[in-house]
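In what follows, a single structure is set out as structure tokens and then discussed.
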Amino acid sequence: MTEEKSKPSKKTERLSHIDFLANFLGEVRRTELMKRFGISQAAATRDLKDYQELAPDNIKIDDISKTYVRSPTFKAKFEFPVAQVLKALSTGYGDEHAAPRTAMIDCEAMPKLMLPDPEILSAVSRAIHMQKVLKVEYHSMSSGGGSREIIPFAIADSGLRWHVRGFDRFRGGFRDFVLTRFAQAEIANSNHIEPEELPKNDHQWNRMVDLELIPHPKNVKHPRGIELDYGMKNGMLKIRVRAALAWYFLLFWNVDCSPNMEESINNPKFQLWLQNSQTLYGVEGKEEIEGLCLVPGYKKASSTS
């Protein structure tokens, strides 16, 4: 339930599933509970009765179909993050790995083309968790392929692909690496880490910047739609991001960062404008800047200190 913070019991998990089905599909069938949790028909019936005791006005049985349907007075007893709901509806509910998961309603999504090799991901995630040095073969757009040692401490999703953040001994500083560009990765034999290689010294990662986004004043004639798209309050959306990830965010959302909007006027791709471009002062961009020029004003702002 909403007030519960600890790991839910099996009973609570089943009750929350009933709540989810009633809320987002409008009906609950015993057979679905039996299939998902591997319980008997009698156990599924008990769970439905227990849920009705918990929320007497949420579901009622349809005498014809013998299905429990959502009541007009329904009020959710469990909280589900919207992202979790969308994932469940589009790919299936739960964490079971033995059976294939299928969409709960018709849904189409753009394919994720850039996913890392699971063995590479395993090495990276273990190095992060255990604070180990990682020996990799990495292929950079600027310097080509080669071996190097990195001390990774976080992964980040740019919206398009996954990145690894860590200290790069080859360059002598903190960098981000595209996870799919690792050809090989393994825990290094020597795992001594110098103090300057620790995450607390990554100033770009630890610095937070506030981005104030508004509908583009020059390109958007009817801003209300954009305000609804991004959940803006009083015509503005304030987002706090790490300085190290700022350009990924701005690029992914096609944000115009030029102070006077001179670089993107009449370009319908830019529907958002960063009204506080000064926040980017001192923010460093990724050295492999594929497409960075597609963020108007970013290079100019980030190079000013």
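Could you state, as a whole-number percent, how many of the C-alpha pairs of the stretch 74-196 are farther apart than 20 Å?
Tail of the P(r) past 20 Å holds 55 percent of the pairs.
Taking amide H atoms as placed 1.01 Å from N in the peptide plane, list the residues 5 or more away in sequence, or in a different chain, whose amide H sits under 5 Å from that of PHE174.
ASP168
Per 20 Å bin from zero, what fraction in whole % of the C-alpha pairs of the chain is there, up to the bin with the longest pair?
Here the calculated profile for the chain is 25, 44, 30, 2.
Towards the positive end of the charge dipole of the chain, with charges on Cβ (+1 Lys, Arg; -1 Asp, Glu), say which of VAL136, MET208, PHE182 has the farthest Cα.
Looking along the dipole axis, the top candidate is MET208.
Mind checking the dipole of the stretch 77-224: about its Cα centre, +1 per Lys or Arg Cβ, -1 per Asp or Glu Cβ, Debye to the nearest 20?
Around 420 debye, computed over the stretch 77-224.
At R0 = 41 Å, how high is the FRET efficiency between GLN41 and LYS238 if r is their beta carbon distance? Nearest 0.05 is fine.
0.20
Provide the per-residue ³J(HN,Hα) series for the stretch 257-265, in order, calculated from phi with Karplus coefficients 6.51, -1.76, 1.60 and θ = phi - 60°, each as a whole number of Hz, with x at glycine and proline positions.
Listing the rounded values in order: 9, 6, x, 9, 6, 6, 8, 9, 4 Hz.
Please report, in debye to the nearest 20, how large the charge dipole of the chain is about its Cα centre when each Lys and Arg carries +1 at its beta carbon and each Asp and Glu carries -1 there.
440
Of the options ALA123, GLY173, ILE18, report the single residue whose Cα projects farthest towards the positive end of the charge dipole of the chain (beta-carbon charges: Lys, Arg +1; Asp, Glu -1).
Selected residue: ILE18.
Need the full-extension length gain, LYS10 to MET110, defined as separation in residues times 0.36 nm minus the C-alpha distance. One decimal, nm.
32.6 nm
So which of LYS75/LYS238; LYS35/LYS112; LYS218/LYS238; LYS10/LYS66; LYS10/LYS49 end up more than 22 Å apart, counting from Cα to Cα?
Beyond 22 Å: LYS75/LYS238; LYS35/LYS112; LYS10/LYS66.
Based on Cα positions only, what radius of gyration and what Dmax would you give for the stretch 10-165, in angstroms?
According to the Cα coordinates of the stretch 10-165, Rg and Dmax are 22.1, 70 Å.
Compute the distance in nm between two label points, each set 7 Å from the Cα along the Cα-to-Cβ direction, one at GLU196 and one at SER90.
Here the answer is 4.4 nm between the modelled labels.
Give me the compactness ratio for the stretch 117-274, meaning the Cα radius of gyration over 2.2 N^0.38 Å.
Taking the Cα Rg and dividing by 2.2 N^0.38 Å, one obtains 1.27.
Using Cα-Cα distances under 8 Å and only pairs 6 or more residues apart, what relative contact order does the stretch 31-183 have, in percent?
That works out to 12 percent.
Quick check on packing: order 54-63, 264-273 by the mean number of other C-beta atoms within 10 Å, highest mean leading.
Output ranking for 54-63, 264-273: 264-273, 54-63.
Residue by residue, what Karplus-based ³J(HN,Hα) values in Hz, rounded to whole numbers, does the stretch 66-83 have, using 6.51, -1.76 and 1.60 with θ = phi - 60° and x for Gly and Pro?
6, 10, 7, 10, 5, 7, x, 8, 4, 9, 4, 9, 10, 9, 10, x, 4, 4
In the stretch 118-163, carbon and sulfur make up what percent of the accessible area (probe 1.4 Å)?
Result for the stretch 118-163: 54 percent of the exposed heavy-atom area is carbon or sulfur.
Say a paramagnetic label sat at a point 7 Å from the Cα of THR67, along Cα to Cβ; which residues of the stretch 20-38 have their backbone N under 18 Å from it?
20-36
Beta carbons within 10 angstrom, averaged per residue: use that to sort the peptides 75-81, 20-26, highest first.
Ranking the peptides 75-81, 20-26 by packing returns 20-26, 75-81.
Tell me what the chain gives for mean residue ellipticity at 222 nm when only DSSP H runs of n ≥ 4 count, each as -39,500 (n - 2.57), the sum divided by the residue total, rounded to 500 deg cm²/dmol.
The per-residue figure over the chain is -7500 deg cm²/dmol.
Students often get this wrong: which residues of the stretch 34-63 have the backbone nitrogen under 17 Å from the point 7 angstrom along Cα-to-C-beta of ALA76?
Zone members listed by number: 55, 58-59.
What size of dipole, in debye to the nearest 20, comes out for the stretch 113-153 about its Cα centre when the only charges are +1 on Lys and Arg C-beta atoms and -1 on Asp and Glu C-beta atoms?
160
The values are calculated or read from the model by the stated rules, or taken from the named source; none is laboratory data. Just so it is clear, the structure is predicted and the values come from calculations on it, not from any experiment. Neighbour counts run over all protein chains shown; Cβ positions are idealised from the backbone, glycine included. Ligands, DNA and RNA are stripped out before the accessible areas are found, and what is left, the full protein with its side chains, is counted by its heavy atoms. Shrake-Rupley method; radii C 1.70, N 1.55, O 1.52, S 1.80 Å.
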